[in-house]
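Just so it is clear, none of the values below were taken in a lab; they were calculated from the coordinates. The model shown is predicted, which means the values in this text are computed figures rather than measured ones. Reconstructed Cβ throughout: ideal geometry from the backbone, glycine too, with neighbour counts over all protein chains shown.
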Amino acid sequence: MKPLNGIKVIDLTHMLAGPYAGMVIADLGAEVVKIEPLVTGEMTRGLLKTDPNYSYKAFGAYFLTLNRNKKSVSLDLKSQEGLQVFYELVKSADVVLNNFSAGVVKKLKVDFASLKKINPRIITCSITGFGETGPHSSRPAYDQIVQAYSGGMSVTGPDVNTPTRAGIPIGDLGSGLYGVIGILSALLSREQTNIGQHIDMSLLDVQISLLNYMATMQTLSGIDPEPIGNAHFVHVPYNSFTTQNGFVVIAVITDAFWEAFLDVIDVETLRDPKFSKSVDRLKNQEFIESEINKVLSTKPSNYWIKAFNDAKVPCGPINTFSQALSDEQVLHRNMLVEVEHPDGGKVKMPGNPVKLSYTDEVSYSPAPHLGAHTKKILKEFARQKQLSCVRVVVTSSSASPRHCGEQCASYSCDWRAVALAVQDFAVRQDVKIQNQASVPRFRATSVFISSWPASLNV
């Protein structure tokens, strides 16, 4: 059993921050139903799908990774009929997650104020660039925008003239993780109050939070921190160094580590007592690092990593992705997993870092085809809930259902699911049906059900 078994999440997200939050929750066992637009689906379906290196069977790396363990239902939320089906799904949901631009959820009528009237226990989470309030709430934003806006880029890179974004999209991914924290907190609160609530998550807020102690340093001193590359503003040596065949990082954060470090490299000039204390090493950083580089460049990385690790000095390689993803520790922790593709075969991707002692069941289902679960989800829903004012045209099993106007057209293939859901009901219940004699085997050219009664229980 996974820890979030029984939690139902409706995922309206796209691109990265929102889908990443949904992925984490799905990995932990929640049933995550991804609502996608008709025909095109969520926009990341198109990213890299034709790239020969970064796709597999027309699924790009984005979509494959971010949408594992999810189910796909295609609906037109801009149509009244699609919106009504969505509302019915909300009745039995726990969470609705979105990362639309500010104001879009209200325009679509899927905001918290609208949904809590349907389900007072519903929890909604909106991830936006600048948040839903404030003078810049309407501005668009993406990961790099908030990395820059927050000040994070000003301390990243080699110098003040080269502001650099983080190599991974920390703004998007961090916001997704904070979104998960907010959702879990709201679920716990609901257990105590029986009341749902809204989570207003901002990429900028998250980036400001991640400045952490460096922000406090600025408020205390009034001095803006500057980028120092891979070095540290307190500890020496704390940097990347060149070896005979690559690079390593060394983090000497205590004077005891320094003594152990000296025993490994055995450089007499660095044994000078004036380097014994951290504050003095910082004053002589350039000289110390120059001497270290001279020594480390004489032997390969593996030699130094083993030597420093044996001496309990924090040290590690600067790995490429291929090196990191084949590392024995990474593999031991199941952080590279094989996830099936819906058309067969498997794709390797990062695993779930949350390791639990009791509910640590690990399993992955593939990112779905567009609307792959529409039939199942609507059929299950039909067994439990009333759909009012539904009109369906069902053709023979060998043909596609014909739509009966804009209502059916707005649902596209979803109506096939609805038709299948009412099949057994139609033969057992007193429903107004055209071509009554042909109902039992559904061999008629069409069967028209004028309404979906409140008593429907298929």
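Listed by chain and number, the lysines whose C-alpha is less than 21 Å from the C-alpha of residue 117, apart from same-chain residues fewer than 8 away, are 8, 78, 91, 106, 107, 109, 385. Compute the Cα gyration tensor for the stretch 238-318, then decide on rounded, prolate or oblate, letting a ≥ b ≥ c be the square roots of its eigenvalues: rounded whenever a/c is under 1.5, prolate when a/b is larger than b/c in the other cases, and oblate in all that remain. Verdict is prolate for the stretch 238-318.
Using R0 = 56 Å, the C-beta based FRET efficiency linking residue 320 and residue 193 works out to 0.70. Which of the trypsin sites (Lys or Arg not before Pro) found in the stretch 226-332 are in a DSSP loop and have at most 13 neighbouring Cβ atoms, other than their own, within 10 Å? Here the trypsin sites (Lys or Arg not before Pro) that fit, given the DSSP loop and packing criteria, are 277, 312. Karplus-derived 3J(HN,Hα) values for the stretch 224-232, using 6.51 cos²θ - 1.76 cosθ + 1.60 with θ = phi - 60°, are 6, x, 10, x, 10, x, 8, 7, 10 Hz; glycine and proline are entered as x.
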